[in-house]
Amino acid sequence: MGDEQRVPYDQLLREARERFDTGKDFTVAVEEEFALLEAESLDMVNRYEDVVAAAEGLPVRDSLAGELIASEIEIKTGRVESFVDVPATIAERRDQLVALVEPLGLVLGATGSHPWASWKDQRIIDTPHYRRNDEILRYVVWKNNTFGFHAHVGVQGADRAIRVTSAMRNWLPELLALSASSPFAESVNTGLHSARTQIFTRFFPRCGVPDAFDSWADYERYVRFLYETRSIDEHTQLWWSVRPHLAFPTVEIRICDAQPDLGESQALAALCVSLVARVARALDDGEPIVHQPHRLIEENMWRAIRYGLSGELIDLEHGEVLPARARIERLLEWVAPVASEIGASEWLRVPEQNAAERQIARFAEGSGLAEIYGDLVVRPSRVA
């Protein structure tokens, strides 16, 4: 179970607030989730424990984590003090993981969903945390064979972190549209650009777009309510697409699909960190950021799930409908000054096609799912 099983939740909340208040701005940690695949068939295989055993005694061991099912593994950059070092760290971690799994006859899948694997064939890993999730969620958690990209960004000040989290809700659809990589699932072309988001955020409780909170006290009242009503027994059971992380003084962005392409993973990290930094700067300077209503953000979320970077998004401030690429290009312009300050500028870009668009185009040309997926397995960055 989580730390809160060893300490009362009131102590957990007090210590979390202290960590935020004494934290540091714009530190970064990136977490990437990968499918473990049999090298020839590209089928998902329950080999997590084998990978961990192979990592014992190696530097990469501390960067590995289990993530629900035994056919999945997460690798973490760990806390990086400045964004300048993040792109190289992402590449290094990917190389370490590829080197670890190759001798085991495995390769790594990094799209938001596996094109044909059945959830019925996947095994929940045997840890107290995931056994508890299995007990609570049952079918909901069994179906969640999805793979994401998470970015933790340090924000100093508990009240400030809550305000940044609330403001970040507005741009979750843009981040999803840019990162969409999962058009295929359960052996079909789903017609979506992010089947992962539909599976995860529409299935799990306390998931997707959170409410806006005005202060730490406002947020803490809600978390206390959940504990006191026995709705949760771990703080990680708030599975929102953006959340303040109580174990770290970070705002965690969780909306993005996994990225098969290293360069696009690095670019996505750059945008996530730059956006958090730009929002924090706006709040510091008194620049107004409207908390858009949940129902309107959800309109854009559906557009991002269904059409991704190929579709349109609504400028909720002006009621204007724009191509998703244009919305994201405007976002890049808005974050540009702060991106320059933190060393992220050179990494910000919108690709001609993102991972979902490339897969959909190849499917339309007649390529099969195995052929398309096979070209997306993660390879060492030194030869990518």
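Each reported figure results from applying straightforward, stated rules to the coordinates on display, with no laboratory input. Everything numeric here is computed off the predicted structure, so don't read it as measured data. Note that each Cβ is placed from the backbone with ideal geometry, even for glycine, and that neighbours are counted across all protein chains shown.
The figures follow:
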quantity	calculated
Neighbour-limited loop hits for trypsin sites (Lys or Arg not before Pro), the stretch 107-162 (at most 15 other Cβ within 10 Å; DSSP other than H, G, I, E, B)	123, 138
Computed [θ] at 222 nm, deg cm²/dmol, the chain (DSSP H ≥ 4; -39,500 (n - 2.57); rounded to nearest 500)	-13000 deg cm²/dmol
Alpha-carbon centroids, the stretch 81-95 and the stretch 10-51: separation in whole Å	15 Å
Contact order relative to length of the chain, as percent, for alpha carbon pairs under 8 angstrom and 6 or more apart	22 percent
Trypsin sites (Lys or Arg not before Pro) within the stretch 6-48: DSSP coil, no more than 13 neighbouring Cβ in 10 Å	6, 24
Cα-based reach from residue 143 at 29 Å (exclusive), listing lysines while leaving out same-chain residues under 8 positions away	76, 120
Three-way shape label, the stretch 88-220, alpha-carbon gyration tensor, a/c 1.5	prolate
Prolate/oblate/rounded label for the stretch 106-182 (Cα gyration tensor, a/c 1.5)	oblate
Dipole axis of the stretch 3-370 (+1 Lys, Arg; -1 Asp, Glu on Cβ), positive-most option in 83, 226, 165	226
Those trypsin sites (Lys or Arg not before Pro) in the stretch 218-277 that DSSP places in a loop and that have at most 10 other beta carbons within 10 Å	230
Residues 43, 284, sorted so that the one with the fewest Cβ neighbours within 10 Å comes first	284, 43
Whole-angstrom gap from the stretch 176-229 to the stretch 324-339, using each part's C-alpha centre	23 Å
Answer label, with Rg/Rh (Cα atoms, Kirkwood Rh) calculated from the coordinates and candidates [x] 0.94; [y] 1.20; [z] 0.98	[x]
Cα centre as origin, Lys/Arg/Asp/Glu Cβ charges: the stretch 3-370 dipole, Debye	720 debye
Longest segment of the chain lacking GluC sites (Glu not before Pro) that sit in a DSSP loop with at most 14 other Cβ atoms within 10 Å	82-316
Leading residue at positive end of dipole, the chain (Cβ point charges), from 209, 34, 378	209
Among 104, 262, 309, residue whose mean-square fluctuation peaks in a GNM of the chain (springs only between Cα atoms under 10 Å)	104
